[in-house]
Amino acid sequence: MVFPSRGCTTCKSRRVKCDSARPVCRRCQRACRDCAWDQDEAAGLLFKNENAFARGRPRRPWKPRERKEAATVSTPSDSASVTSGESSFSVDDEVSQVWLENYVFRGDEMPEFAREYTHDLAVYWDRAKPGSSLRLAVAAVSHAILGRRMGVDNAAEVANSLFAQSFARVQREFREVSLENIDELIIATMLIASYENVLSRDMAQRTQQTQEDSLFSTASITGLVFFGDSRRYKAAADLLKLRRERGWAPNPALDRAARQELIRTCILRATPVDEWLRDEALPGQQDPVSSLDSLVVRVAALRSSSLALFLPKGARFESELRPSDMAAEARTLCSDLESWSRTVPEHWKFSVECLPESGTALDGLVHVYPTRGHGVIWNRYRATHLVVSSIRRRALAAMEQCSLVTVSTIPERELCLEKTASLATDMCRSIPSFVTPPAHSAQDTRFSRTFMIGNREIYSHDEIVPKLATLLAWPLIVATCTDGVPEPQRLWLQETLGSMSSILGDGVLGALVENISFKF
């Protein structure tokens, strides 16, 4: 007697394994398929009707099934191609090239002080050998993002297969790390962390689970539910540490950008920054970005300690750092951040102008920066300051619940709210500077809205092209999840974050827009 699977009929018809999760199994959810279940299925032991097969009906059709007209992606073992209707294109390297062209900066597109760790990734990709961890990681990310944006049916399955190969390859290359391949390995590890935490997670299930957690669960008040798996980021940090311990020649631009990304992730997850990473300073750098980086490290430490403010009253004052100590540290940080904004060089400052058409602005006003790179750093400053102001206000409120405090903290808390509103408004006014073409400037032909894959042209209707959207994600996450942001600014920023989610194909950003479940 054959005992049938309890999986959904969709997976059964496709002859793939189902995890039997109801109401939508994970495989159907990843592929955006309708998850159907047998309505006649009853509780208890199931038996399969074999009568038709006993009469001679073949178990499998003799002819191959007709292929669906919908868009599909071949698996890596096949001749890789993507089809949609009548058009088709090779995906061996072409999808990776499209992603590198539209989602990654290169050359002089971004000033050096504002570059991400993926800057000039195309150069590393060209030098990498076929089948290397870097090439496989780029392929996994590009298939997942472009497949989602194009509505390709099995893009997630192809991306997951490539991800598994890249992960296995990274493990092998870790054992053979050298001065020649450490840069590629750092980038590949960071990309894998990005894929694992953003693209392949079952965000809806994780968010629902968080809602079922207790009110004071760590995951429910921090970014752990969205950015929970830090093992790959830790692996990248270990590579940076290994380079320093072995005395290998540093790559200042990559090391700095990777370190900044790691610390910003610690702020989102409310986890401490490793001691060696706090002290990692590149010699001879006293520019505004380095000064801001040192403040961000201090904010990450305060953010980790501030989790005690979310505890019940009795446990709140038993933490290692008391609310009064947190308020004092936050007060000092607010002062230092204000000093940073006042003392930046003159060529770093921005102007405020009116937009004739205010459709892309909150109140018709827009910031004009010397370059978009300056706008990136200013938004990181605002996001960092928002975190500190929120912690400061929360610590002051906790102090008032202590019987030993006799002075009202309401005036100082109101000052924090005013600063929060000002920072949020400034961030809203900065967004139009990233719209293509940028406000009050000539057409910038370097940032195209058209994707070319083979002979197929994909036009993006987004106001912000993908490579510019990557620079806005972290500040927008912080601003959207900060308590005390006025409702008009919060809704405007949340709507912008939703646009970023669509542009970047980012599941985490989409889940954040739908359910803001962690706080600063």
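Suppose accessible area is computed on protein heavy atoms with a 1.4 Å probe; arrange T271, T371 from highest to lowest. Display every interim value, and only then the final one.
Numbers: T271 30, T371 55 Å².
Of T271, T371, the descending order of accessible area is T371, T271.
Rounded to the nearest 0.05, what FRET efficiency do E487 and E275 have when you use their Cβ-Cβ distance and R0 = 25 Å? Numbers along the way, then the final one.
Working: r = 40 Å, r/R0 = 1.61.
Computed FRET efficiency for E487 and E275 comes out at 0.05.
Quote the FRET efficiency, to the nearest 0.05, computed for Q401 versus Q29 with a Förster distance R0 of 45 Å and r equal to the Cβ-Cβ distance.
Numbers: r = 43 Å, r/R0 = 0.96.
Calculated transfer efficiency: 0.55.
Give me the extension gain from K234 to T332: residue separation times 0.36 nm, minus the current Cα-Cα distance, reported in nm with one decimal.
This chain segment gains 32.3 nm when fully extended.
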Sorted by accessible surface (1.4 Å probe, heavy atoms of the protein chains only), largest first, K419, K467 come out as K419, K467
Taking a probe of 1.4 Å, how large is the accessible area per residue of the range 92-171, in Å²? 38 Å²
So for the pair D93, D287, with labels modelled 7 Å out along Cα→Cβ, what separation do we get in nm? 3.3 nm
Spin-label point model (7 Å from Cα, Cβ direction): what's the R22 to T371 distance in nm? 5.8 nm
Residues with amide H under 5 Å from that of V465, placed H, sequence gap 5 or more: T436
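May I ask you to compute the full-extension gain from D38 to D153, defined as 0.36 nm times their residue separation minus their alpha-carbon distance, rounded to one decimal in nm?
On the way: separation 115, 0.36 × 115 = 41.40 nm, distance 2.30 nm.
That works out to 39.1 nm of additional length.
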So K12 and T343, fully extended at 0.36 nm per residue minus their Cα-Cα distance, gain in nm 112.7 nm
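The values are calculated or read from the model by the stated rules, or taken from the named source; none is laboratory data. It should be emphasised that the depicted structure is a prediction, and the values quoted were computed from it without experimental measurement. Note that we place each Cβ from the backbone using ideal geometry, even for glycine, and neighbour counts take in every protein chain shown. What goes into the accessible areas is simple: the full protein's heavy atoms, side chains included, and nothing from ligands, DNA or RNA. Shrake-Rupley method; radii C 1.70, N 1.55, O 1.52, S 1.80 Å.
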